[in-house]
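Please see the structure below; I have some questions.
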Amino acid sequence: MCLTSALRFHNIGAQVPGEVWIAVPRGTRIPTISYPPLRIIRVSRALFDLGIEQHRLEGQTVQIYSIARTVADCFRFRNTVGLDVALEALSEAWRGKRLNLDELNRIAKRLRVQRVMQPYLETVVL
């Protein structure tokens, strides 16, 4: 799970997604299911495993991106989820002391959103 579904799982922000957002490596077959509705985000294979965590949900092991990866992804896909969602995720994760800045910077650098995030990060942290 990624983006707004991962935010909901981590209990960050007020977003209640109407779809389950999942990330799949580019070139992978997209699952076809009738319910729940899916929102597919294609990610390069080199970045797919970055920040992924294993969690148990309803007896199943599910891969969900970490808080740092999810916040960085919100900035990466800000035109899709909205800049307001990215800012809310960043500020709430920081205020809740759930965000490791070193991990966030490492992931943001790999996702090439560090420069985009930096001014917002400075505003939230200071």
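The values are calculated or read from the model by the stated rules, or taken from the named source; none is laboratory data. Owing to the predicted nature of the structure, the values given are computational and were not obtained by experimental measurement. So basically every Cβ, Gly included, is an ideal-geometry build from the backbone, and we count neighbours across all protein chains shown.
Exactly one condition in (1) at pLDDT below 95; (2) in a helix (DSSP H, G or I) is false for residue 86; which is it?
(1)
Now for a separate question. Kindly indicate the residue of the range 53-79 that is in contact with a Gly (Cβ under 7 Å, 6 or more places away or on another chain) and assigned to a helix (DSSP H, G or I) and also nearest to residue 94 (Cα to Cα) among those meeting that condition.
Among them, the one singled out is 68.
Residue 26 - would you say it is farther than 21 Å from residue 95 by Cβ, modelled with pLDDT under 95, touching a strand residue (DSSP E or B) at 6+ places or on another chain (Cβ under 7 Å) and surrounded by 14 or more Cβ atoms within 10 Å (Cβ to Cβ)?
Values: farther than 21 Å from residue 95 by Cβ: yes; modelled with pLDDT under 95: yes; touching a strand residue (DSSP E or B) at 6+ places or on another chain (Cβ under 7 Å): yes; surrounded by 14 or more Cβ atoms within 10 Å (Cβ to Cβ): no.
So residue 26 fails the test.
Please go through the range 58-88 and pick out each residue that is of a type in the set (A, V, I, L, M, F, W, C) and free of Cβ contacts under 8 Å to residues at least 12 places away in the same chain.
Selection gives 83 alone.
Could you say whether any residue in the range 40-54 is among the hydrophobic types (A, V, I, L, M, F, W, C), more than 14 Å from the chain's Cα centre (by Cα), within 19 Å of residue 124 (Cβ to Cβ) and surrounded by fewer than 19 Cβ atoms within 10 Å (Cβ to Cβ)? Don't jump to the end; show me each part of the working.
At the first step, the residues of the range 40-54 found to be among the hydrophobic types (A, V, I, L, M, F, W, C) are 40-41, 43, 46-48, 50, 52.
Going one step further and asking which of them are more than 14 Å from the chain's Cα centre (by Cα), we end up with 46.
Right, trim to within 19 Å of residue 124 (Cβ to Cβ) and you get none.
Looking for residues that are among the hydrophobic types (A, V, I, L, M, F, W, C), more than 14 Å from the chain's Cα centre (by Cα), within 19 Å of residue 124 (Cβ to Cβ) and surrounded by fewer than 19 Cβ atoms within 10 Å (Cβ to Cβ), one finds none in the range 40-54, hence no.
Scan the range 89-126 for residues that are touching a residue at least 60 places away in the same chain (Cβ under 8 Å) and either in a loop (DSSP other than H, G, I, E, B) or surrounded by fewer than 18 Cβ atoms within 10 Å (Cβ to Cβ) (or both) and jot them down. Give the derivation first.
The initial filter retains those residues of the range 89-126 that are touching a residue at least 60 places away in the same chain (Cβ under 8 Å), namely 89, 92-93, 96, 98, 110-111.
The answer is 96, 98, 110, 111.
Test of understanding: among 36, 17, 31, which residue is assigned to a loop (DSSP other than H, G, I, E, B), in contact with a Leu (Cβ under 9 Å, 6 or more places away or on another chain) and either among the hydrophobic types (A, V, I, L, M, F, W, C) or loosely packed, with under 13 Cβ neighbours inside 10 Å (or both)?
When all the criteria are applied, what remains is 31.
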